[in-house]
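Readers should treat all values here as calculations from the given coordinates under stated rules, not as data from a laboratory. Because the structure is predicted, anything quoted here is derived from the model rather than measured. Every residue, glycine as well, gets a Cβ built from its backbone with ideal geometry; the counts of neighbours run over all protein chains shown.
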Amino acid sequence: MNIQEHIPRNALVWIVICLFAVVAPHATRLPLWVVGVYLLAVTWRIMVYRGRWSFPGRAVKFAITASCFAGIALTYQTLITLEATVALLLLAFALKLVELVRRKDAYVLLFLGYFVCLTEFLFSQDILVTLFSLVNVVLITTALIALHQPGQQRFSKEPLRLAGVMVAQALPLMLVMFFLFPRFGPLWTVPIKSGAAKTGMSDFMKPGDVARLSQSDDVAFRVKFEGEIPPQAELYWRGLVLSRLKEGTWSAIGYYQVPDEERRPVAVDTQGVEPLNYTVIMEPSHQNWLYGLHYAQSSSGSVVHAPDYRLFSMVPVEAELMYSASSWTQAPVEVELSSWRRKAETRLPADDDPRTRQLARTMHGEAASDRAFVDSVLAMFNEQPFVYTLNPGFLAATNAMDDFVFVSRRGFCEHYAYAFVLMMRAAGLPSRVVAGYQGGEINPVNKTVIVHQFDAHAWAEVWLEGEGWVRVDPTAAVSPLRIEAGLEQAMQGDGSFLSESPLSPARYRSIPLVNQFRLRYDALTYRWQSWVVGFDNKRQIELLHDFFGEISARMFILALFGTALLVLLPVAWSLLRGRSMQVSREHDKYYRAFCARLEALGLQRQSGETPGQYALRVKQALPASSATIDNITRLYNELAYADSALSSADRQDGLRRLRQAARQFRPNRRAIANH
């Protein structure tokens, strides 16, 4: 095999570094055995390089490939979800190292590495992920540069410096393309994630579901209000309306399960009510529902309004989603209730929880009005020994609410919402469970509201004559501190807040330095999401309109190419300047002066002619000056090609002698003629 086709040792080291750097962001979502395959591939290739092992044959490669496919199928139970396909791609990236024989094999591996870098953005577009991906691009480029240095066998950092310069030169053009290149929709689709790592609200609820969410400090979404931030007790973020109860589980009514005439929300009178305007940036939830305050309306194209006055997206939220909304929190909603809606919001299973139903009917009969009945149920939760806790224990398999109301009396928000709506419906009042988030942490750095998964909450909505749907939160009757100050304060006594996440920064908010760093980073994340991740076609057009006024296709093309040219000109200038500086080194300057005197006699140096070849040719024309020509050529070769071996004093002495010899060189034209 040609020496030029060999993979230099330096390039092989950089390829191995790239291998582990590219897989690092995926490590937490990959099974441990995939990391083991990476270690095996690197070990095998190192042993091949040392001559102790041989490259795998076809049978071995087939066996390894089949084993990896089988392992992915067993781990993920499928081969067509996003996690499974990315894991297969990462395995292919690792196994390609084992059959790395020629430079062309390394090209395939490194070009695949650029593609693998992009796969991390399918899971997260966080600023740290972006920065780490940029580092990976630099490392892959470093390996490519090292691959073009066949004589370099010792490990060298020089390719890394050159790769950093190349990527830095490309960054201005990248910014131009980001702001000016047309924002197209996705050109391909990917399989929906089956086992997403993030937690979030599900489309059904049973006792214990929301409590599990409260052990996660992941951010659900961030909110920026245009004016003053409402008090925490008023921040009820509606996400799901759960109207169906079956076998102890509440679920939502599907869009196509609603009659055609009921699919459009009933108009709401908002006259005299001031709206709250805000922007929400949702983290990927892999679900369709969105979040907003009471009676939320959005003009964002990706947001749809459901007949039960919640917001949802037509496609699952697989990446950060930004939308604007306005809420009229004091506006009465659906004052007139249709017969279908009334029937749907009062339906109960036939025989479940008879004691709780009988209690509700008795209390309703004793109450002066529906409103008084609601107040009496809340008073029962408040005055009797009910306990708000993240660890309520297990309820009976049958008649769970009877067990909760009359025996255990220990529960989280979903227990109280379940029992309350059950009692309302048993008394004939239309009611439903609402799942979402309550409250949020105000970031003083940028005045945003950070809503975490531990802010997950469930409450109730009751329909009252003349008032429409009214929010009622039975948890507030049991633990007012949960609504007014948040879960952390409510759970401060028993120490259960984030007890399963000891390393969560949210647990150490009492430490000023940690908390300040956490909040500043979150403010930076919000700015990144709103200005970079959320930079869509609409915002691009608005930006171009601000800069250029009326937008036309001709103007857009001129702006794109004109700005790109302006960005590339400094890069080109720096490259040419660097070449000029390289050419204008002192010994080059003196040697060019020597060549210029010879060119004046018609002895021009040919393209590609080395100094030694040139000296032999001109000595034939100027035999009397042979000694001087040899001296100048020798001095120049020493300074140009043996510079690293010269001390500073020797170099200065060589420059002095070369300068003196070049200045004193005065060839005689008549000597050429006579010759």
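Observations
- Ordering R341, R371, R264, R222 by the number of other Cβ atoms within 10 Å of each residue's own Cβ, fewest first, gives R264, R371, R341, R222.
- Magnitude of the charge dipole, the chain, Cβ model with Lys/Arg +1 and Asp/Glu -1, debye to 20: 5340 debye
- Using Cβ point charges alone (K and R +1, D and E -1), the dipole size of segment 585-674 about the Cα centre works out to roughly 440 debye.
- The calculated FRET efficiency for the pair E158 and F181, based on their C-beta separation and a Förster distance of 30 Å, comes to about 0.35.
- Estimated 222 nm signal from helices in the chain, with DSSP H stretches of n ≥ 4 weighted -39500 (n - 2.57), rounded to 500: -15000 deg cm²/dmol
- Distance (nanometres) between label positions extended 7 Å along Cα→Cβ at D203 and E542: 3.1 nm
- Dipole of the chain [Lys/Arg +1, Asp/Glu -1 at C-beta], most positive-end residue of V268, N637, A419: N637
- Each Lys and Arg adds +1 at its Cβ and each Asp and Glu adds -1 at its Cβ; summed about the Cα centre, segment 3-169 shows a dipole of about 640 debye.
- Cα gyration tensor shape of segment 340-410, rounded if a/c is under 1.5, else prolate or oblate by comparing a/b with b/c: oblate
- Degrees between helix 611-621 axis and first principal axis of the chain (Cα, 0 to 90, nearest 10): 20 degrees
- Here the Karplus curve 6.51 cos²θ - 1.76 cosθ + 1.60, taken at θ = phi - 60°, turns the phi angles of segment 303-310 into couplings of 10, 10, 9, 7, x, 9, 6, 10 Hz, with x standing for Gly and Pro.
- Normalised by the number of residues in the chain, the mean separation of alpha-carbon contacts (under 8 Å, six or more apart) gives a relative contact order of 13 percent.
- Once the chain from T28 to W531 is taken as fully extended at 0.36 nm per residue, the excess over their C-alpha distance is 178.3 nm.
- Across segment 394-410, coupling constants 3J(HN,Hα) worked out from phi with the 6.51/-1.76/1.60 Karplus curve, θ = phi - 60°, read 9, 9, 4, 5, 10, 6, 4, 6, 4, 5, 5, 6, 10, 10, 6, 6, 10 Hz, and Gly and Pro carry x.
- Among (i) 113, 105, 39; (ii) 152, 60, 48; (iii) 134, 64, 50, the entry that matches Cα extents along the principal axes in Å as calculated here: (iii)
- Built amide H within the under 5 Å cut-off of L100, gap 5+: none
- Residue (of A506, Q169, V377) at the positive-pole extreme of the chain, dipole from beta-carbon charges: Q169
- Distance between modelled label sites at E467 and T75, nm, 7 Å Cα→Cβ extension: 5.5 nm
- E414, E334 arranged by Cβ crowding within 10 Å, fewest neighbours leading: E334, E414
- Amide H contacts of Y295 (H built 1.01 Å from N, under 5 Å, at least 5 apart or other chain): none
- For M174, M205, order by how many other beta-carbon atoms lie within 10 Å, fewest first: M174, M205
- Taking label points 7 Å from Cα along the Cα-to-Cβ direction, E383 and K447 give a separation of 4.5 nm.
- At R0 = 35 Å, FRET efficiency that the Cβ-Cβ distance of K61 and L122 yields, to 0.05: 0.80
- Between amide H atoms placed 1.01 Å from N, distances below 5 Å from H452 occur with A220, E441, all of them 5 or more places distant or on a separate chain.
- Along the axis of the charge dipole computed for the chain (Cβ charges of +1 for Lys and Arg, -1 for Asp and Glu, origin at the Cα centre), the listed residues G612, W33, Y256 are led at the positive end by G612.
- Theoretical FRET efficiency, 1/(1+(r/R0)^6), r = Cβ-Cβ of A649 and S626, R0 22 Å, to 0.05: 0.15
- Selection of GluC sites (Glu not before Pro), segment 200-288, meeting DSSP coil and at most 14 other Cβ within 10 Å: E226, E228, E247
- Links that overshoot a 23 Å alpha carbon limit, given the list K224/K538; K157/K589; K61/K104; K206/K447: K157/K589; K206/K447
- Extension gain for the segment M555 to Y508, taken as residue separation times 0.36 nm less the Cα-Cα distance, is 11.6 nm to one decimal.
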